[in-house]
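Working notes, structure below.
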Amino acid sequence: MLRKSMYSLAALVAGLGAALAGPVAAQGATTPAAPASKCVTDAKLVPTCGVLWGAAAGGFSTLPRDQELKTWEQKSGRTSSIFHVYHKGDEKFPTASEIAMVRDKAKPRVLLMNWRVEYGSTWANVAAGKLDARIDAFAARVKATMPEKFFLVLNHEPEDDVRTDAKLGMTAKDFAASYRHVIKRLKSKGLNNMINVVAYMGNEKWMAQSWWKDLYPGDDVVDWMGLDSYVSSEQNYYHAGVFADLLDRKAKGGQGWYDWAAKNHPTKPIMVAEWGAYHRVGKVVDKSKQFNSVLPELAKRPKVKAIVYFDTKKDLFGDRDISIDSSKASLASFRKLAASPKFNVTLRLR
């Protein structure tokens, strides 16, 4: 929804995060690991039971993302199974600090790496093979540094980047072709440890567009269906609602996003790759209603196998607070959610 400029900070964060990886690890040493569980992840990182728990913490700050996540984990009371990071173009990742988070023996995490492959170019150029050197460099880097499994999202929330003028190389069909090309090329380079996620905004405005259906790259190159969606805790404000509302947005007369994904792609697990509850900065509203609605909804939505919170004190425009601790009551409710055994899943990354 409002996280695209995360990429503008990625290079700074990556370098600083690598430099601070050692000291930060010591700081986060008291964060409790998730209890041992009978629920484990399979070959595609789908939990046999329960739901994977994750976060992207720190929002639009310039602090290292690993440090921000560890602070968030202490605050929320649970170690994240998923560590969500953002990169673009030719940035060199996974970084040393990201890999260190994966290999933390006490509390390992799986990377959810968002990558804008087309950055500085177009989807059409990616699909035509004009950025293959960029793709090949990423494949070689992963093979040389990280054999563990990871989630890969390509250009999350493509809807608001679509341009209907074909000359611009950014149509919905261009996105689908670009996605297919990248995944197939990575596989041809022997990158067998990636789990692919296509992440939609699920916004009713875009779902009403005639081109929306053209975004999907195909079941053969998608492992998980992803959704980035948020709700407001302020009554009568934009997208006010609870957890069900962020799953069920739809175009007028259309089908809710969750039902659409479950019906049209029944073999694919669903990841809420970004979610959160917000209020306007300076207008603090208790988010307990939103946080308390999550577990009952997950019980009714068996396709949802992972939820990843996006935490920030201010959004891209500086006017929305999506943090879990904007009030004491909100944090208490979120900690109660985080403590649920629903999220006790053991990662198998090899």
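Just so it is clear, none of the values below were taken in a lab; they were calculated from the coordinates. What you are looking at is a predicted structure, and each value in this text was computed from that prediction instead of being measured. Reconstructed Cβ throughout: ideal geometry from the backbone, glycine too, with neighbour counts over all protein chains shown.
So for region 177-318, taking the charge dipole from beta-carbon charges (+1 Lys/Arg, -1 Asp/Glu), which of 271, 207, 195 sits furthest toward the positive end? Final value for the positive-end residue is 195. To make sure I understand the rule: partners must be aspartates and glutamates, Cα under 16 Å from the Cα of residue 342, and not fewer than 8 residues away in the same chain. Which ones qualify? Of all the aspartates and glutamates, those that pass the test against residue 342 - Cα under 16 Å, at least 8 places apart if same chain - are 297. With K and R counted +1 and D and E -1, the other residues having a Cβ less than 10 Å from that of residue 51 yield a net charge of +3. Cross-link pairs exceeding 27 Å between alpha carbons, from the set 105/289; 105/303; 205/303; 252/303; 149/189; 250/303: 105/289; 105/303. Applying 0.36 nm per residue to the separation of residue 96 and residue 303 and subtracting their alpha-carbon distance, the gain on full extension is 71.2 nm. Applied to region 312-322, the Karplus parametrisation 6.51 cos²θ - 1.76 cosθ + 1.60 on θ = phi - 60° returns per-residue 3J(HN,Hα) values of 7, 6, 9, 7, 3, 9, x, 10, 10, 9, 10 Hz, with x for Gly and Pro. Of all lysines in the structure, the ones whose alpha carbon falls short of 20 Å from that of residue 287, not counting any fewer than 8 places away in one chain, are 75, 313, 314, 328, 336. Taken along the Cα-to-beta-carbon direction at a fixed 7 Å, the label points for residue 264 and residue 208 span 1.8 nm.
Taking the DSSP bridge list for the chain and keeping only pairs wholly inside it, about 5 percent are antiparallel. The stretch between residue 37 and residue 121, if pulled fully straight at 0.36 nm per residue, gains 25.8 nm over its current Cα-Cα span.
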